[in-house]
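Asker: Pasting a structure here, questions to come.
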Amino acid sequence: MAANAQPDYQINLPVYEGPLDLLLDLVRKQEIDIHNIPIAKITQQYLDYLHQLEKLNVDISADFLYMAATLIYIKSKMLLPVDPLAPPEEQDPRNELVHRLLEHEKFKNAAQMLYEKQQLEAHVWSHPDMSLYQSEETEGELVVSLVDLVRVFQQVMERRRAVAKIELSHEVVTVAQMMEQLRARLVTSDEAVSLTEFFEACASRRSMIVALLAVLEMVRMQAIVLAQEKMFGDVLLRRSKMFDAAFESEGAIAKIDEEYL
């Protein structure tokens, strides 16, 4: 009687959208204080995950390799004595990584909130106050939802991800600054801003995430409306009737950054 065939040995690894997803998962699952990350421990765990991918002959994207190099660099910096003359924010080499992780987590939470909103909208028919958005310029246009905003963002992000590119730039743009840029474009022109072009103009995927948060904040303030000239057409950003009122209070935009610190 033939021996029973042994089942193939399988290794199941979690799949992450990017290196920040992996790092955030390592930090949260171990209940580590994100402001005091044990960089040597996290770096080793991160590299162990990449080694497992190599054993499975899984191609590792440039983003994951670049983050590995960044973690090793931070680890080496942690071994050096602190420069007493450096500004406080530069004395801890982990600060920028912590900021990026917190920013990424807020984006993930926003995406989850929008997903839940999508599920709710799929079962509820609402009648919004269209007078806030309609004018002679927008007559005949379709007011779209935040779900369409995220869909456009995902499409542009996928195109950006398909391009093999290591982003070496470290430009720091805040949500408030991105809101100011969008506000200036809407003020200086009567034309609507293409949502796709707004995202594609961002220099990096990190700035794209900031751009998405900026649009979400301006929608929340009822400063802008998302519209389409035709079904399945390009999503446009237009000023709403509440545009000027939304920015009347002094420092309305500047206060936004306090929520992302």
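Computed from the coordinates by the stated procedures, all read-outs in this text should not be read as laboratory data. Just so we're clear, the structure is a prediction, and the values are computed from it rather than from any experiment. As a convention, Cβ positions derive from the backbone with ideal geometry for all residues, glycine included, and neighbour counts pool all protein chains shown.
Asker: What is the stretch 203-257 by shape, rounded, prolate or oblate, if you read a ≥ b ≥ c off the alpha carbon gyration tensor as root eigenvalues and call it rounded for a/c under 1.5, prolate for a/b larger than b/c, and oblate otherwise?
Answerer: The shape class here is oblate.
Asker: Please report the net charge: other residues with Cβ closer than 12 Å to the Cβ of Arg28, K and R +1, D and E -1.
Answerer: -3
Asker: Please give the Cα centre distance for the stretch 195-261 versus the stretch 56-76, rounded to the nearest Å.
Answerer: One Cα centre to the other: 33 Å.
Asker: Divide, for the stretch 12-124, the radius of gyration over alpha carbons by 2.2 N^0.38 Å, where N is the residue count.
Answerer: 1.28
Asker: Which value results for Rg/Rh of the stretch 181-225 when Rg is the Cα radius of gyration and Rh the Kirkwood radius based on the inverse mean 1/r?
Answerer: My calculation of the ratio gives 0.95.
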